[in-house]
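Q: Take this structure, written in structure tokens, and hold onto it; I'll ask about it next.
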Amino acid sequence: THTHTHTHKRANAPRRPAHLHTLSHTHTLPMDRISAISAAAAGNGESQPPTCSGKAYHLKQCCMVDSGVIVATALDARGSLKDKLEKAGKRNFTSNELETFKLIVTKYLSTLSSGMLLDLKYATNARKFIARTKSCGLLLAYEAGSKKDGPPPLTEDWSADRIKKEGGNGVKLLVYFNPEWPQDRIKSTQAFVEKVGIECKSTGVPFFLEILTLDEKTKGKGNGLAYARKKPEMVLEATREFSNPKYCADILKMEFPVIPAFVSGLKANETKSHHGNFAYTTEEAKRHLQEMSRVAKVPFIFLSAGVDMTMFLEMLTLAGQSKCQFSGVLCGRATWKDAVKVFANDGEKALEEWVSTKGIKNLKALKDVLQSHATSVKVMSPHFPSSTL
């Protein structure tokens, strides 16, 4: 069996500069590496995007060297991040301040992440930093914003080809989906995803497809129990649908097939009773995770949906125990959400202190769990022949 293999190396990938190679994705505090990368970024010669066009090359840039697992940090929030900063700081925040927040978080967390997911609105400096330094893989969000009732708008003046030429190793697209939507809405969403998938395929850049399931009938109703009970079938059907080769998705970024707060038996839920109402036992949650692995035909990774890191780690452990063959995470708020208040109230220096200590600690804990429970992308990806495993 190829499950839980952690010996893969990047084949045929260009060597990194020596000062980056020895520190790449290590478990030491990254201060020396920060300085080295910053020095490289300030140098005269900007590294050009690789001429190699194969999707396999770009996927490898987003995986841990030793395991083939994706440990990526999501930092593509736009309006929601601005709202959180303004709520915490009780004032308006400028675009430049959002750029500063994202650049500082990126400089530190990219030292331990296999990839960083950034946006094309507030992360220009962070994006250029990754493209120059090659501190980790660079994923860019293609959508201009989220839309819950159909295909989202794409960012103006950008294409998969331009994302690749700007140093991107992957194109991320977020769409909402409900298998019970009216057929016209389902078909328009499917056609939209197909078009973006074909665009990425023709460009030779990996397509990271993020699917969020939403049921308007039960969402926000009562204590959330009805919605929680509906979640497994929606996530499993979305996984099954968008695994179809016609969408050309290389990686699915998915929710857990359960809502973690409604799983009984989790330590993180011991203080949450929902008035005694849980939607699933631990064993039922494990069966849903197993089923997700069964229906997926391409590698999939989990998003955190903003849960606390302790809850996220416990759910990833449960996924591993259930033999769910997930290939890592693209985790945002669980890693850095506490930094929002720090930056909003205490500024840049305080943010640097938080990210270089607590942020790094969160990421290390995440890597440790994934080392034990995640499965290499190469096991399910068609871009890696079995002979390369």
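Q: Among (1) of a type in the set (G, A, S); (2) part of a helix (DSSP H, G or I); (3) in contact with an Asp or Glu (Cβ under 9 Å, 6 or more places away or on another chain), where does S293 come up short?
A: (3)
Q: Of everything in the stretch 101-135, what is open to solvent by 10 Å² or more (accessible area, probe 1.4 Å) and of a type outside the set (S, T, Y)? Give them in sequence order.
A: Scanning the stretch 101-135 gives L103, I104, K107, L120, K121, N125, R127, K128, A131, R132, K134.
Q: Which of the residues that make up the stretch 241-270 are without any contact (Cβ under 8 Å) to a residue 40 or more places away in the chain and open to solvent by 10 Å² or more (accessible area, probe 1.4 Å)?
A: Correct list: I259, F262, S264, G265, E270.
Q: Within the stretch 171-187, does at least one residue satisfy the condition of being within 28 Å of G54 (Cβ to Cβ), at pLDDT 95 or above and in contact with a Cys (Cβ under 9 Å, 6 or more places away or on another chain)?
A: To start, the set of residues in the stretch 171-187 that are within 28 Å of G54 (Cβ to Cβ) comprises 171-175.
After this cut, where a residue has to be at pLDDT 95 or above as well, the list is 171-175.
Checking which are in contact with a Cys (Cβ under 9 Å, 6 or more places away or on another chain) leaves us with 171, 173.
Yes - at least one qualifying residue is present in the stretch 171-187.
Q: Here's another thing I want to ask about it. Looking only at the stretch 75-96, decide whether some residue is within 30 Å of P382 (Cα to Cα), touching a helix residue (DSSP H, G or I) at 6+ places or on another chain (Cβ under 6 Å) and at pLDDT 95 or above.
A: yes
A quick yes/no check of all residues on (1) closer than 22 Å to E237 by Cα; (2) touching a strand residue (DSSP E or B) at 6+ places or on another chain (Cβ under 9 Å); (3) open to solvent by less than 10 Å² (accessible area, probe 1.4 Å):
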position	(1), (2), (3)
A285	yes, yes, yes
R294	yes, no, no
L303	yes, yes, no
S322	yes, no, yes
K341	no, no, no
A350	no, no, no
K358	no, no, no
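Q: Considering only the stretch 184-223, how many residues are part of a helix (DSSP H, G or I) and within 13 Å of D149 (Cβ to Cβ)?
A: From the stretch 184-223, those part of a helix (DSSP H, G or I) are 184-203; that's our starting set.
From what is left, the residues that are within 13 Å of D149 (Cβ to Cβ) are 184-186, 188-189, 192.
Number of matching residues: 6.
Q: Applying the selection to the stretch 136-176, what residues are out of contact with any strand residue (DSSP E or B) (no Cβ under 7 Å at 6 or more places or on another chain) and either open to solvent by less than 10 Å² (accessible area, probe 1.4 Å) or not in a loop (DSSP other than H, G, I, E, B) (or both)?
A: Answer for the stretch 136-176, where residues must be out of contact with any strand residue (DSSP E or B) (no Cβ under 7 Å at 6 or more places or on another chain) and either open to solvent by less than 10 Å² (accessible area, probe 1.4 Å) or not in a loop (DSSP other than H, G, I, E, B) (or both): G150, D161, R162, K164, K165.
The values are calculated or read from the model by the stated rules, or taken from the named source; none is laboratory data. These figures come from a predicted structure and were not determined experimentally. Virtual Cβ from ideal backbone geometry, glycine too; neighbours counted across all protein chains shown. Just the protein is used for accessible areas: all its heavy atoms, side chains included, with ligands, DNA and RNA removed. Shrake-Rupley method; radii C 1.70, N 1.55, O 1.52, S 1.80 Å.
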